[in-house]
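The values are calculated or read from the model by the stated rules, or taken from the named source; none is laboratory data. This one's a predicted model, so the numbers in the text were calculated from it and none came from an experiment. All Cβ positions, even for glycine, are placed from backbone atoms using ideal geometry, and neighbour counts span all protein chains on display. These area figures cover heavy atoms from the full protein model, side chains too; ligands, DNA and RNA do not enter into them. Shrake-Rupley method; radii C 1.70, N 1.55, O 1.52, S 1.80 Å.
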Amino acid sequence: MLARLFCRMIAMIGIVAMPPAMAEDGYDLWLRYAPAQPTAAQQISAHARTITAPGNSATIQIATAELQRGIGGMTGTTPALSDMIQQDALWLATPAASPALPVKLEGLGREGYAIRTLMLDGKAVTLIAGNSDTGVLHGVFHWLRLAQSGAALDRLDIRSTPRIGLRLLNHWDNLDGMVERGYAGQSIWDWWRLPDYKGSRYADYARANASIGINGTVLNNVNAKATSLTAPYIVKAAALADIFRPYGIKVYLSVKWTAPMELDGLKSADPLDPAVAAWWKAKADEIYRAIPDFGGFLVKANSEGQPGPQDYKRTHADGANMLAAALKPHGGIVMWRAFVYAHDNPDDRAKQAYTDFKPLDGQFADNVIVQVKNGAIDFQPREPFHPLFGAMPKTPLMMEFQITKEYLGQSTHLTYLGPLFEETLQSDTFAHGKGSTVARVIDGSLDGHRLTGIAGVANIGADRDWSGSIFNQADWYAFGRMAWNPDLTADAVAREWAALTFSPDKAVVDPVVTMMMGSREAAVDYMTPLGLAHVMGTGHHYGPAPWVSELGRPEWNPVYYHKADASGIGFDRTKSGSNAIAQYAPPIAKRLAKPGTTPERDLLWFHHIGWDDRLASGETVWDGLVHRYDRGVATVGTMRATWDSLRPLIDPERFAQTQTFLTIQQREAVWWRDASIAYFQSITKRPLPAGAAAPAHPLDWYKAQSFPYAPGNP
Ligand code: GCV
């Protein structure tokens, strides 16, 4: 308490120490607050000479400290806190502290904010107001974003509120510190030393998330261990919740369906067994005693070997509703994943989630939300949007994106995910006619749902740069920004991120954004062009292995997905095949019924096409495939050259990391191209198109590569 008072006194008189200059190792993410150019610095100072804040809550202290740190870093002068609103002040306010605010906050909700330049008793001030301290904190981060990117600060009139209620990270972190599909080192949760030791990284994590509007985090892997629900682990989770709370971030847990049996010896986990329901109720009560604002449970059930209600011949709705009843008195929610497919189901894997869940529409309790991956298979470089979006109007659906790049080059490939997020969010489901975008399904506006959500599988680990590479930070950033506003474009977000992360200088931002915006399409080209999918190496999913055909379950094998044979390539999902297209709304199904009206980017996802059939360009499918592999490799070459040209404008440490990673990416893009061509040519038996280089090695060489210690592989 005394220490806090002391800090506040120091802050009031404006002598907060600047942190020592640090190497640019990426730790500061997009919150670097590097010294601004003189005119920009003057502009910032001119609008932030002092700070007046509403009270002294932990959240407000965080907001004012962030402003002081940011403005101090950018201008060299740290503004003092003042109880009086002064000329050129930043005035932070809530209606609770200032009942007669000169801006209307209706419609901004608890988390939104308004920023307005105005005259107050003859003094020019910038007001940052929210209905809650959290809203103010979000507004502060917005103002700092503007200041860092050199935007004009003199006539601000901004209102912003999140379109989606739950904006969550899902950590696939195991209790032993291993992160499933994690490529940024070990887990940042030090479960062993929690709850006593709470390193500063937890607050830095919360700060970074709050800066982009993320408001919840699921701490443990969806492949959950029951141990997370034991008393000692609840205390550990509570310690994290206490740190995150002032940042507006709630804690959630993944739960294992059979926890009642494993932890307390119950005979079954049947959701309709009263003893099971009572166990979960008691468990929820115990959690809420430790974490009063606990968010709720995330559940992976009857999927990839996880137990679930179907083991007792009950439905997903039976299971979700039983948990929902336990959480309901406390205001908690259940996020029930729709990522299900079964080894004993011979139907197209892409159809199984829809088949299971669509009939349950309307059967879920009102504090259940069904979490659906962006596509129907599994976070591929490109997938058409999941057919469940738009197909369950009576059920709130939340989006699950994967920020960690399991299938997109993991930590070393620069493949900015903004375009993938945008492509999915802007896909039109036609559920209620044209304009029924996926974004409108998940923001609740299409069917009038108030419970809304979006989750991103985190790419965060104990690496100094958090995400395994500087450019992977952009995916975390883009997820948060597009979760707040799902209609933001990937390009706009990349621009923001590049300006904050490197420099607002156009000479940096323009080329960096060009690299980023082309990067995902390049990965699609060199990995899975024309709608191919899931041709990655077994288990680790790192590198090409389209030849794999001998694994136990059909859908574990790449050959299941590409179905290349002497006649052609691709998965027939039309009427003559699995008829997965019938799961889409009629206007889409009609378009997908014929290759000629199917978007070429999804061609082989929906059709088995003859090798000599023609693409829109007039070239054959085989030639077009090869050209796309080449185009992907060429784009990476261009990205490398662009980055090299930026050497004088980027700090040495981050420049070198990216340069090295691009070298790896280029080498691996060639590997992807060559291995894929070697394999598919062994099937099609056609010559390479004129000018295309032969693969560097024979097919057997590619088949012989193995990666026993690839990271992230459970
Ligand atoms: C957490 C894919 C991944 C698994 C992951 C699973 C899921 O299959 O490879 O590691 O498990 O998706 O989303 O549950």
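Among residues of region 613-658 being part of a helix (DSSP H, G or I) and of a type in the set (S, T, N, Q), the one that is nearest to Trp672 (Cα to Cα) is Thr635.
Contact map, region 665-676: first residue within 11 Å of Ala696 (Cβ to Cβ) and in contact (Cβ under 8 Å) with a residue 12 or more places away in the chain, second residue open to solvent by 10 Å² or more (accessible area, probe 1.4 Å) and hydrophobic (A, V, I, L, M, F, W, C), Cβ cut-off under 7 Å, separation 6 or more or different chains; pairs are Val670/Val633; Arg673/Val633; Asp674/Ala696. Evaluated against (1) within 16 Å of the ligand (Cβ to nearest atom); (2) surrounded by fewer than 18 Cβ atoms within 10 Å (Cβ to Cβ), Ala203 falls short on exactly one condition, (1). Here Arg167 meets the list (1) over 15 Å from Leu219 (Cβ atoms); (2) under 21 Å from the mean Cα position of the chain (by Cα); (3) in a loop (DSSP other than H, G, I, E, B) almost entirely, failing just condition (3). In region 684-698, the residues that are without any contact (Cβ under 8 Å) to a residue 12 or more places away in the chain never reach a residue that is hydrophobic (A, V, I, L, M, F, W, C) and surrounded by 12 or more Cβ atoms within 10 Å (Cβ to Cβ) with C-beta atoms less than 6 angstrom apart, at least six apart or across chains. Can you spot a residue in region 237-259 that is within 16 Å of the ligand (Cβ to nearest atom) and assigned to a helix (DSSP H, G or I)? Taking every residue of region 237-259 in turn, none turns out to be within 16 Å of the ligand (Cβ to nearest atom) and assigned to a helix (DSSP H, G or I). One residue stands out among those in region 402-438 that are part of a strand (DSSP E or B) and surrounded by 24 or more Cβ atoms within 10 Å (Cβ to Cβ): the one that is farthest from the ligand (Cβ to nearest atom), which is Thr437. Where the second residue is surrounded by fewer than 19 Cβ atoms within 10 Å (Cβ to Cβ) and the first is among the basic types (Lys, Arg) and lies in region 138-155, which pairs have Cβ atoms under 6 Å and are six or more apart or on separate chains? Final answer for the pair search is Arg155/Thr117. Only a single item in (1) surrounded by 18 or more Cβ atoms within 10 Å (Cβ to Cβ); (2) outside the structural domain of Leu144 (by TED's automatic domain parsing); (3) at pLDDT 95 or above is not met by Asp25, and it is number (1).
Restricting Leu625, Leu551 to those that are in contact (Cβ under 8 Å) with a residue 24 or more places away in the chain and of a type in the set (A, V, I, L, M) reduces the list to Leu625. Taking (1) open to solvent by 30 Å² or more (accessible area, probe 1.4 Å); (2) within 16 Å of the ligand (Cβ to nearest atom); (3) in contact (Cβ under 8 Å) with a residue 40 or more places away in the chain in turn, Lys198 satisfies each apart from (2).
Among the residues that make up region 221-237, is at least one of them over 25 Å from Trp497 (Cα atoms), basic (Lys, Arg) and surrounded by fewer than 21 Cβ atoms within 10 Å (Cβ to Cβ)? Within region 221-237, one or more residues are over 25 Å from Trp497 (Cα atoms), basic (Lys, Arg) and surrounded by fewer than 21 Cβ atoms within 10 Å (Cβ to Cβ). Checked against the criterion of being on the phi < 0 side of the Ramachandran plot and in contact with a Ser or Thr (Cβ under 6 Å, 6 or more places away or on another chain), the candidates Ala224, Ala210, Ala206 yield just one match: Ala224. Within region 459-500, the set of residues being assigned to a helix (DSSP H, G or I) and of a type in the set (Asp, Glu) comprises Asp475, Asp491, Glu496. Residues in region 375-396 that are within 16 Å of the ligand (Cβ to nearest atom) and of a type in the set (A, V, I, L, M): Ala376, Ile377, Leu388. Among the residues of region 291-345, those identified as outside any loop (DSSP other than H, G, I, E, B), within 16 Å of the ligand (Cβ to nearest atom) and among the hydrophobic types (A, V, I, L, M, F, W, C) are Phe297, Leu298, Val299, Met335, Trp336.
Residues of region 346-355 that are away from the ligand (no atom under 15 Å from the Cβ) and not in a loop (DSSP other than H, G, I, E, B): Lys351, Tyr354, Thr355. So, of the residues in region 128-164 that are aliphatic (A, V, I, L, M) and in a helix (DSSP H, G or I), which turns out to be nearest to the ligand (Cβ to nearest atom)? Among those that are aliphatic (A, V, I, L, M) and in a helix (DSSP H, G or I), it is Leu137.
Here's the yes/no breakdown for (1) open to solvent by less than 50 Å² (accessible area, probe 1.4 Å); (2) farther than 30 Å from Pro35 by Cα:
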{"residue": "Gln657", "(1), (2)": "yes, no"}
{"residue": "Gln665", "(1), (2)": "yes, yes"}
{"residue": "Tyr709", "(1), (2)": "no, yes"}
{"residue": "Asn713", "(1), (2)": "no, yes"}
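Matching residues to (1) closer than 30 Å to Glu24 by Cβ; (2) part of a loop (DSSP other than H, G, I, E, B); (3) in the same structural domain as Gly150 (by TED's automatic domain parsing):
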{"residue": "Gln43", "(1), (2), (3)": "yes, no, yes"}
{"residue": "Gly109", "(1), (2), (3)": "no, yes, yes"}
{"residue": "Met119", "(1), (2), (3)": "no, no, yes"}
{"residue": "Thr126", "(1), (2), (3)": "yes, no, yes"}
